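One structure is given below, encoded as structure tokens.
The numbers here are math on the coordinates, done by the rules we state, and not lab data. Remember, it's a predicted structure, so these values are computed and weren't measured experimentally. Using ideal geometry, Cβ is built from the backbone for each residue, glycine included, and neighbour counts are taken over all protein chains shown.
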Amino acid sequence: MPWWQIKIMIEKFEIFIEKHHMSCVAKEVSLKLFTTIKCGGEADYLAEPDSYDELSKIFKFICENNIPYKILGNGSNILVSDNGFRGIVISLKNLPYFIELHQGKLSVATHIELAHLQKKCILEGLSGLEFLSGIPGTVGGIIAMNAGAFGHEVDGVLDSIKAVTHEGKIVSIQAENIDFSYRKTKLPFENYIITEGTFNVHKKNMLEVKEICDSYISQRKSNNLRHAPTFGSTFKNGTDYYAGELIEKCGLKGYAIGDAQISKTHANFIINNGNASSKDVYLLIKKMKDEVMKKFGTNLELEVKLWGDFSYARK
């Protein structure tokens, strides 16, 4: 979309927030500190509504006026262009916090971090979601990407969701009406924000639940990095390969561009050693992808989402 069109849309949004006295919206906000890789430019606007009514109004206006937007969770799988994102970024972190159990179904606000959900499950002796232990991110993030680990995926435990539609309405959708595939979730409509997930769980001794969770976390810690700014996994695994193994076989462990470096511990992880630019990270991603294609003929698929224009990085 041409920059001048986006500029006109942004000006409309400015009028909208002034008219409705929305103090939850901030202008020209750096997204660097909102991402786990710790790099990237500014968003034109960051909206942090504290009620579902406010969220619905903002999202309806954005959709009616075709304004580019992104939904921000804990920023664990996004790379923002050094030039920023031209549009509106919506954060759900200030919405009401709830984790509610009713007849074997656990309803959770999607901005809640998985670590908090796991603590609740352990304390209440609720089993079924242990495989999510140690995954960085929010409940909304794992639903949106149909996250999985240790032979389990979200679609196997999800009962239903609630979402805000492009019309600003909150609707409930049963899991059987959602199209799930490997690391992808597709709803019956295009523009939406998932606000709640309901999962099937069952009672179990809390010590047994804790033991399983601790086991999964231990396995993750042995394979992953948590001490440095990173996305987590850069590429998705395939049905017959592990992306990290292919990258490692290309001899790329420890390879660096600027302050962006492929981990010496896990080749599917990129770390920011201090002052990496998004361009550094982007070029490193391209290097990983190109080398694997050259050596194995395998086209790695990004798990990381790119926000903004990266054409400058290819020059």
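Annotations for the structure displayed:
- Under the Karplus curve 6.51 cos²θ - 1.76 cosθ + 1.60, θ = phi - 60°, whole-Hz ³J(HN,Hα) for the stretch 63-69, x wherever Gly or Pro sits: 5, 4, 9, 6, 7, x, 8
- Exposed loop sites here mean GluC sites (Glu not before Pro) with a DSSP loop assignment and at most 14 other beta-carbon atoms within 10 Å; the chain contains its longest site-free run at 1-166.
- Cut-off 11 Å between beta-carbons: net charge of the residues surrounding Gly125, Lys and Arg +1, Asp and Glu -1: +2
- Selected from Ser181, Ser277, Ser91 as most flexible by GNM, with the chain as the system and alpha-carbon contacts under 10 Å: Ser181
- Rounded to whole Hz, the Karplus (6.51, -1.76, 1.60) HN-Hα couplings of the stretch 240-254, x for glycine and proline: 10, 7, 9, 4, x, 5, 5, 5, 5, 5, 7, x, 9, 4, x
- CD proxy at 222 nm, helix term only [per DSSP H run n ≥ 4: -39500 (n - 2.57); per residue of the chain; nearest 500]: -9000 deg cm²/dmol
- Ranked for footprinting exposure by Cβ neighbours inside 10 Å, fewest first, His202, His20 give His202, His20.
- Within the chain, DSSP assigns beta bridges of which about 80% are antiparallel (rounded to the nearest 5).
- Most mobile of His102, His152, His266 in a GNM of the chain (Cα contacts under 10 Å): His102
- Between Leu300, Leu72, Leu114, the residue with the greatest mean-square fluctuation in the GNM of the chain (Cα pairs under 10 Å linked by springs) is Leu300.
- Average Cα contact separation per residue, the stretch 1-138, under 8 Å, 6 or more apart, as relative contact order %: 22 percent
- Remark: the chain carries a charge dipole of roughly 840 debye about the Cα centre, counting +1 on each Lys and Arg Cβ and -1 on each Asp and Glu Cβ.
- Amide H contacts of Phe85: Glu42, Ala43, Asp44, each under 5 Å away and 5 or more positions distant or on a separate chain (H built 1.01 Å from N in the peptide plane; Pro and chain starts excluded).
- Beta bridges per DSSP, both residues in the stretch 1-159: antiparallel share near 60 percent.
- Footprinting exposure proxy for Ser23, Ser81 (fewest neighbouring C-beta atoms within 10 Å first): Ser23, Ser81
- Label-point separation in nm, Lys12 to Asp179, each point 7 Å along Cα→Cβ: 2.8 nm
- Neighbour net charge for Asn275 - beta-carbon separation under 13 angstrom, K R +1, D E -1: 0
- With all projection directions averaged, the alpha carbon convex hull of the chain covers 16.6 nm².
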